Protein chains: 2
Amino acid sequence: MVSSTVPPKAFIQQQNLAEQVADYLTQAIVKQHFLPGERLSEVQLSRDLGVSRAPVREAARLLESRGLLISKPRRGFFVRALNAVELEDVFDFRLCLERHAIHCLVGRYTPDAQRALKQQVEVLCEAAIGNDGTRRIEEDLQFHRLMLHYAGNERLLRAFNDLSHELRLCITLITKTHEAPDTIATSHFKLLDALDSGSPEACREAIDYHIGVARDSVVKGVGEIGVAY
Amino acid sequence: MVSSTVPPKAFIQQQNLAEQVADYLTQAIVKQHFLPGERLSEVQLSRDLGVSRAPVREAARLLESRGLLISKPRRGFFVRALNAVELEDVFDFRLCLERHAIHCLVGRYTPDAQRALKQQVEVLCEAAIGNDGTRRIEEDLQFHRLMLHYAGNERLLRAFNDLSHELRLCITLITKTHEAPDTIATSHFKLLDALDSGSPEACREAIDYHIGVARDSVVKGVGEIGVAY
DNA sequence: CGATTGCCGACTGTCGACAGTTTTACCACA
DNA sequence: TGTGGTAAAACTGTCGACAGTCGGCAATCG
């Protein structure tokens, strides 16, 4: 073999039908093509997507475990509708995860981690300036994923990833208001500063503030979306 | 209708085959009928249980989301094998959840909650004295579930329930040593005392101690169970 | 004798079909 | 017009079958 620049194989692996369906459904829900509380018919979906019901079921179960769908026995799947209380719960849970994460991270804040986070904030700022709402959200989530990652607990990261789907849902659904780029920037730079300071108290304060802002902007956006399911 | 003592219908609704299979698999894994790292064949299972592969697949996916199984594409499902690092992660994650929970709970510690927790500790002590290992674990988990419940965040409770399956796995697998009943009792009474005191610091200290003890007894039990999967 | 290639069995991913249940549409009747 | 009951339609839960893929084994080549 001569080729030394072969891309690392991740290229080929086409994903399952189930995963493709899951991606499609996630997109459709986030983009509100399916409304909160709406019922999803397995047969209809499988017809529309040109696959059998098996992958659809599997995808639906996956999204159920991620909190995007709810299944009622013998009734089918419904798009999750978050009420005000559940919205609070989501952000409270996020606070729980990130407080712990930043607490762990400050004790092991390597130059590597520092560099990666700084860079991601820059990418995020760029996205914010570019005024691309979807990308801004993704880069924002990615920053927090990085934080969780460098906190060093894989389990914690998994929990955040699960939550992030719900989070994306809340944010996309409710806040059409693009926050000003500099607001986003400063909010994240504060986190970096707190980490640099090495003070757990400062970190705690910074993350509380950070998530509080996000929560308020979402909660204020709508008192309640969707009702029953 | 005359019969006034009809059981509240939860009786009748036999759960899905999928759920039954999930319960069976969970039991089998916890009781080590399937060893960590072992591969589970869908066909074999469906033959053994007398059902088709569909419910088996569904159950396996559920257990995957709970962290009891791991799926490799086109290879099937494997019983999760926790190494030392992952074991630490599990207890660290538990600490994350329960710290937050007790922090929330102390601010809204109603007489109802107080009563329920006290009662559950008594039930737990009873189980501990009775020397029934399995029941002791279940009642212990139930106490913590109650704590999470009264903390008032449904999302938090769900996360704990997911984690509890892994937790049960660790505990059952590793600690054959039954802790002395009075150790268990005092450890839990300390939590109640801290809550009664109303001091967040005391609560934090109590929960850190409580989980630390559990973690040590598990980690010390075995440096590593299972290796690869 | 070691490494590579091709074949074989086993298994997963996917499919279409059937049965029981829930929902809906409709009609008789007050 | 409103109500109650019945029948049809639609859907989910479950099943067995088929095809593509993966791992292991044997035959082949260096």
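The values are calculated or read from the model by the stated rules, or taken from the named source; none is laboratory data. This one's a predicted model, so the numbers in the text were calculated from it and none came from an experiment. We place every Cβ from the backbone using ideal geometry, glycine too, and count neighbours over all the protein chains shown. Only protein heavy atoms, including side chains, enter the accessible area calculation; ligands, DNA and RNA are left aside. Shrake-Rupley method; radii C 1.70, N 1.55, O 1.52, S 1.80 Å.
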Query raised in the report: Which residue out of A:58, A:88, A:64 is within 26 Å of residue B:92 (Cα to Cα) and not assigned by TED's automatic domain parsing to the domain that holds residue A:191?
Result: A:64
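This table checks each residue for (1) at pLDDT 95 or above; (2) surrounded by fewer than 16 Cβ atoms within 10 Å (Cβ to Cβ); (3) aromatic (Phe, Trp, Tyr).
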{"position": "A:124", "(1), (2), (3)": "no, no, no"}
{"position": "A:134", "(1), (2), (3)": "no, yes, no"}
{"position": "A:146", "(1), (2), (3)": "yes, no, no"}
{"position": "A:172", "(1), (2), (3)": "no, no, no"}
{"position": "A:193", "(1), (2), (3)": "yes, yes, no"}
{"position": "A:196", "(1), (2), (3)": "yes, yes, no"}
Report task. Can you tell me which residue within segment B:74-109, out of those that are out of contact with any helix residue (DSSP H, G or I) (no Cβ under 9 Å at 6 or more places or on another chain) and open to solvent by 10 Å² or more (accessible area, probe 1.4 Å), is farthest from DNA strand C (Cβ to nearest atom)? Result -> B:83
Query raised in the report: Residue check, residue B:152 against (1) at the interface with chain A (Cβ under 9 Å from one of its Cβ atoms); (2) open to solvent by less than 10 Å² (accessible area, probe 1.4 Å), all met but one. Which one?
Result: (2)
Query - Residue list for segment A:30-43, filter: touching a helix residue (DSSP H, G or I) at 6+ places or on another chain (Cβ under 7 Å) and away from DNA strand C (no atom under 16 Å from the Cβ) - result: A:30, A:32, A:34
Query raised in the report: Restricting the search to segment B:44-63, which residues are more than 7 Å from DNA strand C (Cβ to nearest atom), open to solvent by 10 Å² or more (accessible area, probe 1.4 Å) and either touching a residue at least 24 places away in the same chain (Cβ under 8 Å) or at the interface with another protein chain (Cβ under 9 Å from one of its Cβ atoms) (or both)?
Result: B:45, B:49, B:51, B:55, B:58, B:61, B:62
**Report entry** Complete set of residues in segment A:21-43 that are without any contact (Cβ under 8 Å) to a residue 12 or more places away in the chain and away from DNA strand D (no atom under 11 Å from the Cβ)
**Finding:** A:23, A:27, A:28, A:33
